[in-house]
1. Please list, ordered by chain and number, the residues whose modelled amide H lies under 5 Å from the amide H of Met187; skip anything fewer than 5 residues away on the same chain.
2. Of Lys26/Lys92; Lys21/Lys78; Lys22/Lys134; Lys9/Lys146; Lys6/Lys224, which ones are farther than 26 Å apart at the Cα?
3. Would you mind computing Rg(Cα) / (2.2 N^0.38 Å) for the chain, counting N as its residues?
4. Return the calculated 222 nm mean residue ellipticity for the chain, to the nearest 500 deg cm²/dmol, obtained by summing -39500 (n - 2.57) across DSSP H runs with n ≥ 4 and dividing by the residue count.
5. Note the full-extension length gain between Glu121 and Asp32 as 0.36 nm times their separation in residues minus their Cα-Cα distance, in nm to one decimal.
6. Expressed as an acute angle from 0 to 90° and rounded to the nearest 10, what is the orientation of the C-alpha long axis of helix 2-15 relative to the principal long axis of the chain?
7. By what distance, in whole Å, do the Cα atoms of segment 38-159 stretch along each of the three principal axes, largest value first?
8. Fewest to most neighbouring Cβ within 10 Å: what's the order for Met72, Met105?
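What follows is calculated from the coordinates using simple rules that are stated; it is not laboratory data. Because the structure is predicted, anything quoted here is derived from the model rather than measured. Positions of Cβ are generated from backbone atoms using ideal geometry, with glycine treated the same way; all protein chains shown enter the neighbour counts.
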Amino acid sequence: MKEYVKIIKALELQHNNPQTKKGIDKTMADSDNGKIRSISEHVACMILAMLTANRPYEPIKQHLSQLENIFMNYDADKLMNADPEQLIKSVKSIRCGNMRIKFQMYALKHNISYLRQMQQEHGSIDAYYHSMTKYDLVKTLDNNLKEMSATLISEYLPSVGIDLPKPDRHIQRILGSERLGFSSRKMASIQECYEVIHDFAVATSEHERYIDVILWSYCAEGEKNICCASPRCEKCVISEYCNYKGKSEK
């Protein structure tokens, strides 16, 4: 448990952005206090999660205001009648697309209809989400939302107050056997990522989403980009806990 704390404390110094923690703490506290989010808020968070599929987040972050305009302030009614081809063209024009953008834009009507149905049946989308464990929720949404993998769902849900990490390739790699060694696999499984980050959160008394962001930012392009596919080990502050020292990745 001491290693968990030491790793996160070292990475926090590298991250050096207290606003990250404040923002996550507020989102989770709002949820704990029963905040009910509108369907437009859920649609916004879902779409922004979709756009992160297999691409750097920084360009999306830089174009949030343009994306809000493209998606008509995330108005559910307007998006139900929007032309998917126009959405695709507009998103690509500001370089915020990805390899699945066409399929994602055509999936919006289905996904918004599903969210609206859950809102009608349960009083609010938030009430529905909090009616089950977060892991069951990920499975349920994975079965019902189109173009939303477990990884993208785990990007969406923390934005609406469900405390989860996003087990993308950066997290899977840094927790894998050739880095911090929390898995016997080179790339930790999604379930292993959930379990290990939960342990980190318990040991540090932090939210799982915060642990995820601290680890992710140490790896990701546009962030610290240290524990990346070709790691910059000479700059690493947690090398004493890592299995990669002295190796070259194949």
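1. Placed amide hydrogens put Ser177 under 5 Å from Met187.
2. Lys26/Lys92; Lys21/Lys78; Lys9/Lys146
3. Cα Rg divided by the expected 2.2 N^0.38 Å: 1.03.
4. -18000 deg cm²/dmol
5. Extra length available between Glu121 and Asp32 comes to 29.9 nm.
6. Tilt of helix 2-15: around 70 degrees.
7. 39, 27, 22
8. Taking fewest neighbouring Cβ atoms as first place, the list is Met72, Met105.
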